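**Student:** Let me begin by handing over the structure; questions about it come next.
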Amino acid sequence: MTPVSGGYAVDVPTINVSDRARRENATVWSTFRAFGVTLRRFYTSLFKGDIPTINYPEESRPYSERFRGTHILTVRDDGSLKCVACYMCATICPAECIYIEAGEHPNPEIEKFPTRFDIDMMRCIYCGFCVDACPEEAIIMSREHHQSVYERSETLWGIEKLMARPGIDAKGPGYRPNRPMAEARIFNKPEQPVCPFPSHLEERHPAVLYESMIRRRG
Amino acid sequence: MPKITINGQVYEAAKGKTIIQVADDVGIEIPRYCYHPDIGIEGSCRMCLVEVKGTPKLLPACATPVTDNMEVRTDTERVHEAVRYAMEFLLLHHPIDCSVCDQSGECWLQDYYMAHAGHDSRYPLGQKTRRRKAFNLGPLVKLDQERCILCTRCVRFTRNVTNTNEIQVFSRGHNSEIGIFEDRPLNNPYSGNVVDVCPVGALTSTDFRFKARVWFLKGTDSVCGGCSTGCNLRIDHSARAAGGGIPGYTATDGKIYRTVGRRNVEVNKSWLCDEGRLSFHTLERYPRLWHARAQGEQKPVNDLLPDIHANFESIRAEYGDGAVAALGSGMNTNEALFLMKKYFKGHVDFRLGKEVELYQQPQDDLLRRLDKHPNTHGALDLGLAGGLGGLRRLRDLAEKKEIRAMWISFHPQLVGEDAQEIIEDLRRLIQALDYSVVSTTHDFAWAHDAGHLLPMAAWAEEKGTYTNYAGRVQITNRAVMPPGDAQPLHVLMAELLNRAGLEVSTDPGVVFQWIAREIPGYTGLDYDTIGSSGGAVSPVPEEVLR
């Protein structure tokens, strides 16, 4: 149990492999012990149903609530995009994978909306900065991460694909730190009382205190 | 000369100036919204309050003339507090819609809030007064009354600068708002300037609105190519130099997003006319010429230049120097025209229409001039108004076969359409010539008959100098890269001169040194002395005044 020379911060247990090999490998008994392990696992898997593996593409393990998968563009109650094309996500994006074109919204209260919102999924590094930066909680992340396509051009996701796809309802949303802010209705219009996705995050996000969060001068 | 002390430093100030003007001259920053050097003093925003010794109250620096031995302080706690309170009142009913506001990123409210205020609003967002949002004030301007801080810069612009008095303050007190009587359109020819002067997002340009966020843009100081006035402007274009990143923001797209007036008291104050402001759209009006063509076949420019030189040389050898000529235009830079004159041995003209008669005549009493070519004066200085007598006469000479070969450089007017008879003359000229080279910016159908068709860089794609109507030499800069194989005309000319045996640099600064050595009015000028505000004035050529 001596620290390895090289300076680990904690004690690292070391195994003297050659010593153990001499003890175990050289005997016939260790061979039968190995068979024993296999048979025991065979027995528990077959008769007790304790199988550690899953049928992966059909089944999957639950992901974290904060999983940063592919993006979702959230919508208002009337089905229109929440996004106001403020370009915060495109500005913060370190991979420069977000491309937005803005248009004049017919409602002067909303004023601006994206006529084009493309994310190059092959360029994206899934850092979640766009979600952090969004002042409207218009972009959040999902728990999907599958990107198998036949053509490279299919990885350029437009508004339709980002807004609605089957995986969102099946797996639920992922990383969305600004949800408490959105639910505190600082920026929300009254016609949108609740968020379509429930979340188990209960602690108040600092962004709820948006206005008092700004440093007081003097 | 009164002596004035600002923050303990003594400065000499001209009599009649106000405190804020003196502070601007010496580089002391006083926050302001309503003060603008070119539109008169109002004193309504109360941001520029300063402490003056001997006065019990703070005084507005924009409206207080300096007196001798005045002691001003801009850095005391009292001043900071006054600015903070002024900001709190200005932001009381501000809708905080920065995320959709086109001004954010260059908004004075944002800047001064971060620098001087930083307070929490005492007014809940839901209870703020609602006003009209995003309605058209005119063809070029949109107004959002919620964001307006009533600095009345736009009101004073229409009152003092254009004298049209459209925009006014309506109602009184808390109900005050900016507007136009009966919602008549703001359609004077200088309406775009109210967007420039507006310090907040109340007035936004319908042309630039939502096209790009300002922090993605890069500004390049340049000169307007719309008419012979030569107004100073800043070209805001895509910021990333080459390749990579977001498709719309790469300079391979070479996109200019807007132009903004740049202050030059000698030429245009801070203003631009609407035609000049939108003149960059001319570059997108027709399809651009991307590649050189020889008899309809696409070829690299560098392969064609030896052929072009050989063709001109053989015609010169056969018919004499006078059989080869060139036609530039007032859209070309001094450098290009000068090198053209060198290569074609003085047989160069630039007159397409009536530039020379018109270039000093004002179209109105503010900025615009009738000649829509920025460099007519420069071409006259270079001595290009010689015996060739302009496009019409060149066409006659070509039809009489006195001129056999020509280089024709054509850049469309940035403001307005080129006259139809000019295009017709050019078409006939090309057909009459034995051999013609046309260097042009756009893919014009009439140029397809030319022997060689070369793509040329347009305004904002080349660096050079224009000489405005008053003889002021100003630098026009390269903001975006020309499309495809296009090159500036002075580069094409330098390459030809190099083939003719001269060592000529393609750097416009070096070419300009040559101009300064040879052209009388330009002596002693170079790019450093011209700078961003224009160089010394050269006299108007005598043959024009006569």
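Results for (1) within 14 Å of another protein chain (Cβ to nearest Cβ); (2) in a helix (DSSP H, G or I), shown as yes or no for each residue.
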| position | (1), (2) |
| --- | --- |
| A:THR14 | no, no |
| A:ARG23 | no, yes |
| A:SER30 | no, yes |
| A:ARG33 | no, yes |
| A:THR38 | no, yes |
| A:ASP50 | no, no |
| A:ALA85 | yes, no |
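**Student:** Here's another thing I want to ask about it. Can you tell me which of B:ARG472, B:ARG517, B:ARG499 is touching a strand residue (DSSP E or B) at 6+ places or on another chain (Cβ under 9 Å), of a type in the set (D, E, K, R) and at pLDDT 90 or above?
**Tutor:** On the way: B:ARG517 fails: touching a strand residue (DSSP E or B) at 6+ places or on another chain (Cβ under 9 Å); B:ARG499 fails: touching a strand residue (DSSP E or B) at 6+ places or on another chain (Cβ under 9 Å).
On inspection, the qualifying residue turns out to be B:ARG472.
**Student:** Applying the selection to the stretch B:116-148, what residues are open to solvent by 20 Å² or more (accessible area, probe 1.4 Å) and within 20 Å of B:TYR33 (Cβ to Cβ)?
**Tutor:** Across the stretch B:116-148, the qualifying residues are B:HIS116, B:HIS119, B:SER121, B:TYR123, B:THR129, B:ARG131, B:LYS142, B:CYS148.
**Student:** Criterion first (among the small types (Gly, Ala, Ser), touching a Lys or Arg at 6+ places or on another chain (Cβ under 9 Å) and closer than 22 Å to B:GLY27 by Cβ) does B:ALA86 satisfy it? Outline the logic, then answer.
**Tutor:** Details: among the small types (Gly, Ala, Ser): yes; touching a Lys or Arg at 6+ places or on another chain (Cβ under 9 Å): yes; closer than 22 Å to B:GLY27 by Cβ: no.
When the stated conditions are applied, B:ALA86 does not pass them.
**Student:** From the list A:ARG179, A:ARG217, A:ARG152, A:ARG143, which residue is surrounded by 13 or more Cβ atoms within 10 Å (Cβ to Cβ), farther than 30 Å from B:LYS128 by Cα and at pLDDT below 90?
**Tutor:** Details: A:ARG179 fails: farther than 30 Å from B:LYS128 by Cα; A:ARG217 fails: farther than 30 Å from B:LYS128 by Cα; A:ARG152 fails: surrounded by 13 or more Cβ atoms within 10 Å (Cβ to Cβ).
Exactly one residue qualifies, and that residue is A:ARG143.
**Student:** From the list A:CYS134, A:CYS127, pick out the single residue that is surrounded by 15 or more Cβ atoms within 10 Å (Cβ to Cβ) and touching a residue at least 24 places away in the same chain (Cβ under 8 Å).
**Tutor:** On the way: A:CYS127 fails: surrounded by 15 or more Cβ atoms within 10 Å (Cβ to Cβ).
One residue alone meets the criteria, A:CYS134.
**Student:** Kindly list the number of the only condition in (1) within 17 Å of B:VAL200 (Cβ to Cβ); (2) assigned to a loop (DSSP other than H, G, I, E, B) that fails for B:CYS154.
**Tutor:** Here B:CYS154 meets the rest and fails (2).
**Student:** Can you tell me how many residues in the stretch B:386-403 are part of a loop (DSSP other than H, G, I, E, B), under 23 Å from B:ALA336 (Cβ atoms) and modelled with pLDDT of 90 or more?
**Tutor:** First, pick out the residues of the stretch B:386-403 that are part of a loop (DSSP other than H, G, I, E, B): B:386-389, B:400-403.
Going one step further and asking which of them are under 23 Å from B:ALA336 (Cβ atoms), we end up with B:386-389, B:403.
Right, trim to modelled with pLDDT of 90 or more and you get B:403.
Of the residues in that region, 1 qualify.
**Student:** Being open to solvent by less than 20 Å² (accessible area, probe 1.4 Å) and without any contact (Cβ under 8 Å) to a residue 24 or more places away in the chain, is that true of even one residue in the stretch B:463-485?
**Tutor:** Checked against the condition, which is being open to solvent by less than 20 Å² (accessible area, probe 1.4 Å) and without any contact (Cβ under 8 Å) to a residue 24 or more places away in the chain, the stretch B:463-485 yields no hits at all.
**Student:** Within the set of pairs 6+ apart or on separate chains, which have a first residue in the stretch B:318-338 that is under 14 Å from B:GLY464 (Cα atoms) and assigned to a helix (DSSP H, G or I), a second that is small (Gly, Ala, Ser) and open to solvent by 10 Å² or more (accessible area, probe 1.4 Å), and C-beta atoms under 9 Å apart?
**Tutor:** Hits for this filter: B:GLU335/B:GLY509.
**Student:** How many of the residues in the stretch A:98-119 are within 17 Å of the chain's Cα centre (by Cα) and either in a loop (DSSP other than H, G, I, E, B) or within 9 Å of chain B (Cβ to nearest Cβ) (or both)?
**Tutor:** Of the residues in that region, 0 qualify.
**Student:** State which residue is farthest from A:GLU111 (Cα to Cα) when the search covers only the stretch B:130-151 and only residues that are assigned to a strand (DSSP E or B) and among the aliphatic types (A, V, I, L, M).
**Tutor:** Filtering first and then ranking leaves B:VAL141.
**Student:** Would you pick out the residues in the stretch B:2-40 that are in a strand (DSSP E or B), among the β-branched types (Val, Ile, Thr) and touching a residue at least 60 places away in the same chain (Cβ under 8 Å)?
**Tutor:** Here is the first cut: in the stretch B:2-40, the ones in a strand (DSSP E or B) are B:3-6, B:9-12, B:18.
From what's left, among the β-branched types (Val, Ile, Thr): B:4-6, B:10, B:18.
Matches in the stretch B:2-40: B:ILE4, B:THR5, B:ILE6.
**Student:** Looking at the stretch B:98-111, which of the residues that are surrounded by fewer than 22 Cβ atoms within 10 Å (Cβ to Cβ) and more than 10 Å from chain A (Cβ to nearest Cβ) is farthest from B:GLY173 (Cα to Cα)? Reasoning before the result, please.
**Tutor:** Of all residues in the stretch B:98-111, those surrounded by fewer than 22 Cβ atoms within 10 Å (Cβ to Cβ) come to B:98-99, B:103-108, B:110-111.
Within this subset, residues satisfying the condition of being more than 10 Å from chain A (Cβ to nearest Cβ) are B:103, B:106-108, B:110-111.
Working: B:GLN103: 26, B:GLU106: 28, B:CYS107: 25, B:TRP108: 23, B:GLN110: 25, B:ASP111: 26 Å.
My answer is B:GLU106.
**Student:** Can you pull out the residues in the stretch B:448-462 that are in contact (Cβ under 8 Å) with a residue 40 or more places away in the chain and either touching a Phe, Trp or Tyr at 6+ places or on another chain (Cβ under 7 Å) or closer than 30 Å to B:ASP526 by Cα (or both)? Even if it seems obvious, please write down each step before you answer.
**Tutor:** Initially, the stretch B:448-462 is screened for residues in contact (Cβ under 8 Å) with a residue 40 or more places away in the chain, giving B:448, B:450-456, B:458-462.
Of everything in the stretch B:448-462, those that are in contact (Cβ under 8 Å) with a residue 40 or more places away in the chain and either touching a Phe, Trp or Tyr at 6+ places or on another chain (Cβ under 7 Å) or closer than 30 Å to B:ASP526 by Cα (or both) turn out to be B:GLY451, B:LEU454, B:PRO455, B:MET456, B:ALA458, B:TRP459, B:ALA460, B:GLU461, B:GLU462.
**Student:** Among the residues of the stretch B:178-197, count how many are outside any loop (DSSP other than H, G, I, E, B) and surrounded by fewer than 16 Cβ atoms within 10 Å (Cβ to Cβ). Please lay out each step first, then the result.
**Tutor:** Going residue by residue through the stretch B:178-197, those that are outside any loop (DSSP other than H, G, I, E, B) are B:178-183, B:193-197.
Checking the rest, the ones that are also surrounded by fewer than 16 Cβ atoms within 10 Å (Cβ to Cβ) come to B:181-183.
Number satisfying all stated conditions: 3.
**Student:** Would you tally the residues in the stretch B:461-506 being outside any loop (DSSP other than H, G, I, E, B), closer than 26 Å to B:HIS309 by Cβ and of a type in the set (A, V, I, L, M)?
**Tutor:** 7
**Student:** Follow-up. Across the stretch B:116-141, what is the total count of residues that are touching a residue at least 60 places away in the same chain (Cβ under 8 Å) and more than 9 Å from every other protein chain (Cβ to nearest Cβ)?
**Tutor:** Count: 5.
**Student:** Being closer than 30 Å to B:ASP207 by Cβ, buried (at least 16 other Cβ atoms within 10 Å of the Cβ) and within 14 Å of chain B (Cβ to nearest Cβ), is that true of even one residue in the stretch A:59-73? Reasoning before the result, please.
**Tutor:** Of all residues in the stretch A:59-73, those closer than 30 Å to B:ASP207 by Cβ come to A:73.
Of the ones still in play, those that are also buried (at least 16 other Cβ atoms within 10 Å of the Cβ) are A:73.
Now restrict to residues that are within 14 Å of chain B (Cβ to nearest Cβ): none.
No: zero hits.
**Student:** Can you name the number of the only condition in (1) closer than 27 Å to B:LEU497 by Cα; (2) touching a residue at least 60 places away in the same chain (Cβ under 8 Å) that B:ASP349 fails?
**Tutor:** (2)
**Student:** Which residue is farthest from the chain's Cα centre (by Cα), if the candidates are limited to the stretch B:446-460 and must be in a loop (DSSP other than H, G, I, E, B) and surrounded by 22 or more Cβ atoms within 10 Å (Cβ to Cβ)? If you could, list the steps in order and put the result at the bottom.
**Tutor:** At the first step, the residues of the stretch B:446-460 found to be in a loop (DSSP other than H, G, I, E, B) are B:450-451, B:457-460.
Those still in the list that are surrounded by 22 or more Cβ atoms within 10 Å (Cβ to Cβ) too: B:450, B:457-460.
Details: B:ALA450: 32, B:ALA457: 17, B:ALA458: 14, B:TRP459: 10, B:ALA460: 9 Å.
Taking the candidates together, the pick is B:ALA450.
**Student:** Still on this structure, please answer the following. Which count do you get for residues in the stretch B:41-80 that are of a type outside the set (Val, Ile, Thr), in contact (Cβ under 8 Å) with a residue 60 or more places away in the chain and open to solvent by 30 Å² or more (accessible area, probe 1.4 Å)?
**Tutor:** First, the residues of the stretch B:41-80 that are of a type outside the set (Val, Ile, Thr): B:42-49, B:51, B:53-54, B:56-63, B:65, B:68-71, B:73, B:75, B:77-78, B:80.
Next cut, in contact (Cβ under 8 Å) with a residue 60 or more places away in the chain only: B:42, B:44-45, B:47, B:68-71, B:73, B:75.
Checking the rest, the ones that are also open to solvent by 30 Å² or more (accessible area, probe 1.4 Å) come to B:42, B:44, B:68-69, B:71, B:73, B:75.
Here the count works out to 7.
**Student:** Output the qualifying pairs, or none if there are none: Cβ atoms under 9 angstrom, residues six or more apart or on different chains, first residue in the stretch B:197-214 and closer than 10 Å to B:LEU143 by Cα and within 11 Å of chain A (Cβ to nearest Cβ), second residue open to solvent by less than 10 Å² (accessible area, probe 1.4 Å) and among the polar types (S, T, N, Q).
**Tutor:** Note: pairs meeting the criteria are B:GLY201/B:SER104.
**Student:** In the stretch A:144-163, how many are under 23 Å from A:ARG76 (Cβ atoms), touching a residue at least 12 places away in the same chain (Cβ under 8 Å) and outside any strand (DSSP E or B)? Let's see the steps before the verdict.
**Tutor:** Of the residues in the stretch A:144-163, the ones under 23 Å from A:ARG76 (Cβ atoms) are A:144, A:157-163.
When the remaining residues are screened for being touching a residue at least 12 places away in the same chain (Cβ under 8 Å), the result is A:144, A:157-159, A:162-163.
Now drop any that are not outside any strand (DSSP E or B), which leaves A:144, A:158-159, A:162-163.
Qualifying residue count for the region: 5.
**Student:** Among (1) at positive phi; (2) open to solvent by 20 Å² or more (accessible area, probe 1.4 Å); (3) at pLDDT 90 or above; (4) not hydrophobic (A, V, I, L, M, F, W, C), where does B:GLY230 come up short?
**Tutor:** Evaluating B:GLY230 over (1) at positive phi; (2) open to solvent by 20 Å² or more (accessible area, probe 1.4 Å); (3) at pLDDT 90 or above; (4) not hydrophobic (A, V, I, L, M, F, W, C) leaves (2) as the failure.
The values are calculated or read from the model by the stated rules, or taken from the named source; none is laboratory data. Given the structure is predicted, the values throughout are model-derived calculations rather than measurements. Ideal geometry is used to build each Cβ from the backbone, glycine not excepted, and the neighbour counts take in all protein chains shown. Accessible surface is based on the protein model in full, side chains and every heavy atom, while ligands, DNA and RNA are left aside. Shrake-Rupley method; radii C 1.70, N 1.55, O 1.52, S 1.80 Å.
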